[in-house]
Amino acid sequence: MKSLNTFVLISLCLLTISSVLADLRSFSIDYKNNCFRKDGKPFQYISGSIHYSRIPREYWQDRLLKMYMTGLNAIQVYVPWNFHETVQGVYNFAGDRDLEYFLNLANQTGLLVILRPGPYICAEWEMGGLPAWLLQKPNIILRSADKEYLQAASDWLAVLLAKMRPWLYQNGGNIISVQVENEYGSYFACDYNYMRHLHTLFRLFLGEDVILFTTDGNTDKEMSCGTLEGLYATIDFGTDTNITTAFIRQRRFEPKGPLVNSEFYTGWLDHWGDKHASVDTNKVSKMLGEMLSMGASVNMYMFEGGTNFGYWNGADHDTRFRSVVTSYDYNAPLTEAGDPTDKLLAIRDVIKNFRDIPVGPMPPATPKLAYGFVTLHKVGNISSLLDTLSPQGPVRSQYPLTFEEIKQYYGFLLYRTTLPRNVPEPTPLISPLNGIHDRAYVSVNGVYQGLMERDTGLVMNITGRQGDQLDILVENMGRVNFGSYINDNKGLLGNLILGNDVLSDWSVYPLDIDTAVANGWLQSAHSGLLTEAGDGPIFYSGTLKPTGRAWDTFVKLNGWTKGQVWVNGFNLGRYWPKRGPQQTLYVPGPFLSANQLNNITVLELERAPPHCRILFMDRPQLDNTGNKT
Ligand SMILES: *[C@@H]1O[C@H](CO)[C@@H](O)[C@H](O)[C@H]1NC(C)=O
Ligand SMILES: *[C@@H]1O[C@H](CO)[C@@H](O)[C@H](O)[C@H]1NC(C)=O
Ligand SMILES: *[C@@H]1O[C@H](CO)[C@@H](O)[C@H](O)[C@H]1NC(C)=O
Ligand SMILES: *[C@@H]1O[C@H](CO)[C@@H](O)[C@H](O)[C@H]1NC(C)=O
Ligand SMILES: *[C@@H]1O[C@H](CO)[C@@H](O)[C@H](O)[C@H]1NC(C)=O
């Protein structure tokens, strides 16, 4: 009996201690004193945005450490749904998608986390983070209480939020708050039932203790549609905004509690064909200082931008479709390659006035290497490699099918049919309903004819004979990530008309280019092949000799037109020097081999230069707007 009593006593004691500990670990809003409280003490966060999906896993720690050494006490992180659930019901949290490893690194570094799990995130990311398979339901109303949308989003959140619960601050982790949806007030639907549903779901999976919040742009309309009772309302704005006016607006929707700017813009994104964006360092540091001295908590968007590798860039659609470039450097305090800038040092000088910053030197820039020129050789065109690229063969259909109907969501599709009659004179090939999403490269009987482009190039002339093979390679340039046009189906969205004939009887070839590249199937078979440029979509390959060092580098495709580059099977993203402003692609060192031949593959869509060379340089060039054609 005695020993049992002792046991009970000890257990009671432990219980008390652990509940005291639990009380110590708390993160909450003090509505009386207009501040956050961490473990009972007033707390102001100075945070920066970083997206693990835009940085190779090998560099996560390096970027986080540099953020910590700047004096930040938190980071803000988006979770892109389509990065983790590429196939409905199949979840991937491995490798570059290992969110918990990222959270763990942040925790070890000493950084708290403001989590933004969406389900919609914008982020200038493909479809704002929504999986394109949602578009299989025609007319689905995304980001609303639409039954199919809500079911899919709920299934995803059930997986994600259950994983995140142990990472909440009060549960021993580093997540101090969680955003619900993202800038919902800027979306036309303004569906409170949807927001209420998300609210219920977030509470169900994360519990009552965690701070849930919303973020919206600095207008009454956005704040009205985006905020909800029970979710703490924050605002976002950049250097062109009057701070006082913006925070007065936050106060109107959230009369008590801390002032929060959830996205203070340190820079801005680029679109192909537009001027390179930048934001003045003095303005950023001055305004940051002003907000911090008002006691506001601030997140800098972005602190480290990174790269839209592969096909992950988003697009905007205001008056016309504008695709986001591959680099997401963002003119942020850390560059695309994670290097500290003057902007970072200026920000650190501001932060010094508000909190002790960690002692010790700022980690230096990672070393860069100019590996020099590599000459590429022609491998073949899409048509000659079709067995390799499309092993399962085409889907046949009277009228064109979309990417979503084919269930291939990214990259390229080949549409093939024959000419219905002789067209000896140049005859217009037309997409009457603006149905080219987004670029179409056209050839007749193996001879390249030119291209069509969404919004701006819906007619071109072709010639040929009845029965000639018409090949149209269609490129998905990234789905719209913001506004009313996020139902952005890809491919040929409607019929094409040649003269007076509607083209029909299509063979649509899904193309798994990335698997072919990764398996080495597109390396040219013989090293002795003559270089030979050509017109239209053509694969080129070559090798970069090992130097004993796998350092960061930047590849420039001078004289090339537009396409996609892979290094050792890693899809670096799109290049388009002709349209600019971006001229170089970032090649992270971990993608390279120090002691093996590095395999380079290029898909040039229009025309390669006669020299067929590409150049590996030791610095990026993001700001040179080329000839606009
Ligand atoms: C976070 O880091 C702290 C301090 O290093 C450690 O005590 C804690 O166990 C870590 N939490 C998690 C969830 O790893
Ligand atoms: C911002 O707005 C406030 C209130 O309307 C005004 O007093 C102040 O001068 C403005 N600040 C700037 C920098 O324009
Ligand atoms: C593709 O290559 C094949 C074989 O070299 C050639 O016959 C054909 O004309 C080419 N097609 C295109 C579209 O360039
Ligand atoms: C197509 O050809 C016709 C007749 O040669 C010409 O008038 C027209 O400008 C051409 N259109 C385009 C888009 O090249
Ligand atoms: C390059 O390709 C060859 C042949 O497929 C392969 O053996 C080699 O491992 C590849 N190099 C690297 C660095 O992946």
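Nothing in this text is a laboratory measurement; each read-out follows from the coordinates by a stated rule. For clarity, every value in this text was computed on a predicted model and none was experimentally measured. Ideal geometry is used to build each Cβ from the backbone, glycine not excepted, and the neighbour counts take in all protein chains shown.
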Exercise. Can you give the convex hull volume of the alpha carbon atoms of segment 36-351 per residue, in Å³?
Worked result: 129
Seminar exercise, completed: Dividing the mean separation of Cα pairs under 8 Å (6+ apart) by the residue count of the chain yields a relative contact order in percent of 14
For this session: Determine ³J(HN,Hα), in whole Hz, for all residues of segment 207-218 in sequence, where each value follows from phi through the Karplus function 6.51 cos²θ - 1.76 cosθ + 1.60 and θ = phi - 60°; x replaces Gly and Pro.
Result: x, 7, 7, 6, 6, 9, 9, 10, 10, 9, x, 7
Problem set entry | Contour minus Cα-Cα distance for MET362 and GLU58 (0.36 nm per residue) | 107.6 nm
For this session: May I ask you to evaluate 6.51 cos²θ - 1.76 cosθ + 1.60, the Karplus curve with θ = phi - 60°, for each residue of segment 535-542 and list the ³J(HN,Hα) values in order in whole Hz, giving x for glycine and proline?
Result: 10, x, x, 9, 8, 10, 9, x
For this session: Could you work out how far helix 192-206 tilts from the main Cα principal axis of the chain, as a 0 to 90 degree angle to the nearest 10?
Result: 60
Problem set entry | When each of LYS38/LYS66; LYS137/LYS407; LYS41/LYS163; LYS378/LYS562; LYS378/LYS407; LYS147/LYS221 is checked by Cα-Cα distance, pairs over 19 Å | LYS38/LYS66; LYS41/LYS163; LYS378/LYS407; LYS147/LYS221
Exercise. Radius of gyration and Dmax for segment 310-382's Cα atoms, expressed in Å?
Worked result: 19.6, 60
Exercise. Given a Förster distance of 35 angstrom, what is the FRET efficiency for VAL90 paired with LYS283, based on the Cβ-Cβ distance and rounded to 0.05?
Worked result: 0.20
Problem set entry | Kirkwood-based shape ratio for segment 169-242, expressed as Rg/Rh from alpha carbons | 1.02
Exercise. Which angle from 0 to 90°, rounded to the nearest 10, does the C-alpha axis of helix 147-164 make with the longest principal axis of the chain?
Worked result: 50
Exercise. Taking the inverse of the average 1/r across all pairs of different Cα atoms in segment 353-395, what Kirkwood radius in Å do you get?
Worked result: 17.0
For this session: Take the Cα pairs of segment 392-511, get the Kirkwood Rh, then feed it into Stokes-Einstein at 4 °C and 1.567 mPa s and tell me D in µm²/s.
Result: 90
Problem set entry | Calculated over the chain: convex hull of Cα atoms, volume per residue (Å³) | 183
For this session: Tabulate in residue order the Karplus-calculated ³J(HN,Hα) for segment 102-107, using 6.51 cos²θ - 1.76 cosθ + 1.60 with θ = phi - 60°, rounded to whole Hz; enter x for Gly and Pro.
Result: 4, 4, 5, 4, 4, 4
